[in-house]
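A.B. asks: Below you will find the structure I want to go over with you.
Where a number appears in this text, it was derived from the coordinates with a stated rule and is not lab data. For clarity, every value in this text was computed on a predicted model and none was experimentally measured. With ideal geometry, Cβ positions are generated from the backbone for all residues, glycine too; neighbour counts draw on all protein chains shown.
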Amino acid sequence: MDEGKFSSTLGDLESRLSDAQKREDVRKGTNQFYSMPTGALAIAFRIGVEMVSALLVGVGLGLLIDHVLGSAPLGMIIMFFFGAAAALRNVYRTVGSLGGSSTAAPKE
Amino acid sequence: MDPLHQFNIVPIIPIFIGTGNVSFTNSALFMMIAVGIAVFLMVFGMRKRALVPGRWQSVAELLYEFIVKLVRTNAGIDARPFVPFVFTLFMFLLLGNLLGMVPYSFTFTSHIIVTFAMGVTVITVVTIVGLVKHGFHFFSLFMPHGAPLLLAPLIIPLEIISYFMRPVSLSVRLFANMMAGHTMLKVFASFVIMLGAGLGGVGYVVGILPIMINVALVAFEFLVAIIQAFVFTLLTTIYLRDAIELH
């Protein structure tokens, strides 16, 4: 086997290895080709939606608890604060997962 | 010239069962048109089953392969059985959003009850998948690894709220985007009429400006229609992965 042929087989092996690795990543779902839109407006909108919906769910759950237990307005008040906390935590998580900064929160 | 008039639900065939109003409305009509187009595109497109696809078959294959790839890359190979579910979801939303761009049509995705029903369906499916696959272990989703036990009474309600938040944020995102966009189109279009009626000849000249903005907005709305259908589908696959892998 001469030198040229040998190195070409090695290069071939390398490309085949990286192909296999890529397929394995795809199979496991470890590399994501698709991601959320990353425009400034899209991010702002996403964060806004996250805050509003967490608050909505918190208050909704609180009202439900009040309705079942008859504890109005205590359930709503407590769950409102939980909703606000969840909202802020979700924003923190979202911004952290955007990356780009050393203070980014670890991915969930 | 009410910009919200386009969102009115009009019964086409009134049907009342007892006190319940189950009329066939314009919303239902456009949902059926969306389903009809999707079925037609797939059945007609794949009719020939050619090895070298023609135009329609290419469209059908591209859409299908896009979703297969999306599911596989985001939810892993174990999520393969859910490709039909995700694909149906995507086609319905995409056609609903795009049908809304046809003049005089009705955008059913601009109603929060429609998008919320779809969001709840997604979360129900995801929760059932998680429960079937992991049993009671699924509830460890509500208590992240490594969190101190002392914080459990604080973290568990927060995680539960975050979980219930998913259908709400899914549906609010889609509905708000569609409704805001279509309202904006109508508002800018009505500026033209108002300028013309208010200022006469000068108004018609100045009215070119809102028309130019509207042209840009229509293009932007097409972008939003496709992106929001995609984002809804993307988040569905991410939630599916959460339920299947359960970190």
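A.B. asks: Let me know the charge dipole size of segment B:1-149 about its Cα centre in debye, to the nearest 20, where only the beta-carbon of Lys, Arg (+1) and Asp, Glu (-1) is charged. Provide the component values of the computation, followed by the final result.
C.D. replies: Details: 8 positive and 4 negative charges, 110 e Å.
It works out to roughly 520 debye.
A.B. asks: Between A:SER97 and B:MET101, what is the spin-label point distance in nm, taking each point 7 Å from the Cα along the Cα→C-beta axis?
C.D. replies: Here the modelled spin labels are 2.8 nm apart.
A.B. asks: Here is a follow-up. Could you give the distance between the Cα centres of segment B:1-77 and segment B:81-106, to the whole Å?
C.D. replies: 5
A.B. asks: Once both labels are modelled 7 Å past Cα along the beta-carbon direction, what's the B:MET32-B:HIS145 spacing in nm?
C.D. replies: Going from the B:MET32 label point to the B:HIS145 one covers 5.1 nm.
A.B. asks: Between B:ILE77, B:ILE227, B:ILE123, find the one with the highest GNM mean-square fluctuation for chain B; connect C-alpha pairs within less than 10 Å.
C.D. replies: Evaluated over chain B, the most mobile residue of the options is B:ILE77.
A.B. asks: Work from the charge dipole of the protein assembly as shown (Cβ charges, +1 for Lys and Arg, -1 for Asp and Glu, about the Cα centre) and give the residue of B:ALA229, B:GLY54, B:THR115 farthest towards its positive end.
C.D. replies: It is B:GLY54.
A.B. asks: Could you grab the relative contact order for chain B? Cα pairs under 8 Å, six or more apart, rounded to a whole percent.
C.D. replies: The normalised contact order for chain B reaches 24 percent.
A.B. asks: Further, regarding this structure: Looking only at B:VAL43, B:VAL202, B:VAL215, which one moves most when chain B is put into a Gaussian network model with springs between Cα atoms under 10 Å?
C.D. replies: B:VAL202
A.B. asks: Taking the Cα centre of the protein assembly as shown as origin, sum charge times position over the Cβ atoms of Lys and Arg (+1) and Asp and Glu (-1), and report the length of that vector in debye to the nearest 20. Could the numbers behind the result be given before it?
C.D. replies: Numbers: 22 positive and 18 negative charges, 97 e Å.
Computed about the Cα centre, the dipole is about 460 debye.
A.B. asks: Then there's this: Please give the contour-minus-distance gain from B:VAL206 to B:LEU41: 0.36 nm per residue of separation, less the Cα-Cα distance, rounded to one decimal in nm. Could you put the intermediate results ahead of the total?
C.D. replies: Numbers: separation 165, 0.36 × 165 = 59.40 nm, distance 4.30 nm.
Here the answer is 55.1 nm.
A.B. asks: Once the Cα atoms of helix B:152-199 and of chain B are each reduced to a long axis, what angle between those two axes, in degrees from 0 to 90 to the nearest 10, is obtained?
C.D. replies: Tilt of helix B:152-199: around 10 degrees.
A.B. asks: May I ask you to derive the FRET efficiency for B:LEU51 and B:HIS5 from their Cβ-Cβ distance with R0 = 45 Å, giving the value to the nearest 0.05? Mind dumping the intermediate values first?
C.D. replies: Numbers: r = 50 Å, r/R0 = 1.12.
The formula returns an efficiency of 0.35 here.
A.B. asks: Give me the percent of Cα-Cα pairs in segment A:37-108 that sit more than 18 Å apart, rounded to a whole number. Could you put the intermediate results ahead of the total?
C.D. replies: Numbers: 1248 of 2556 pairs.
I get 49 percent for the Cα pairs in segment A:37-108 exceeding 18 Å.
A.B. asks: Rounded if a/c is under 1.5, else prolate if a/b beats b/c, else oblate: with a ≥ b ≥ c from the C-alpha gyration tensor eigenvalues square-rooted, which is chain B?
C.D. replies: Values: a/c = 1.95, a/b = 1.50, b/c = 1.30.
Since a/c reaches 1.5 and a/b is larger than b/c, the shape of chain B is classed as prolate.
A.B. asks: Most mobile of B:HIS145, B:HIS134, B:HIS111 per a Gaussian network model of chain B (Cα springs, under 10 Å)?
C.D. replies: Answer for the Gaussian network model of chain B: B:HIS145.
A.B. asks: In peptide B:165-177, what is the residue-averaged number of other protein chain Cβ atoms found within 10 Å of each Cβ? Write down the numbers at each step before the final one.
C.D. replies: Working: counts 13, 2, 2, 9, 10, 2, 2, 6, 6, 1, 0, 4, 3.
Mean shielding count: 5.
A.B. asks: In what order do A:GLU50, B:GLU245 fall by count of nearby beta-carbon atoms within 10 Å, going from fewest to most? Numbers along the way, then the final one.
C.D. replies: Details: A:GLU50 24, B:GLU245 16.
Going from sparsest to densest Cβ surroundings: B:GLU245, A:GLU50.
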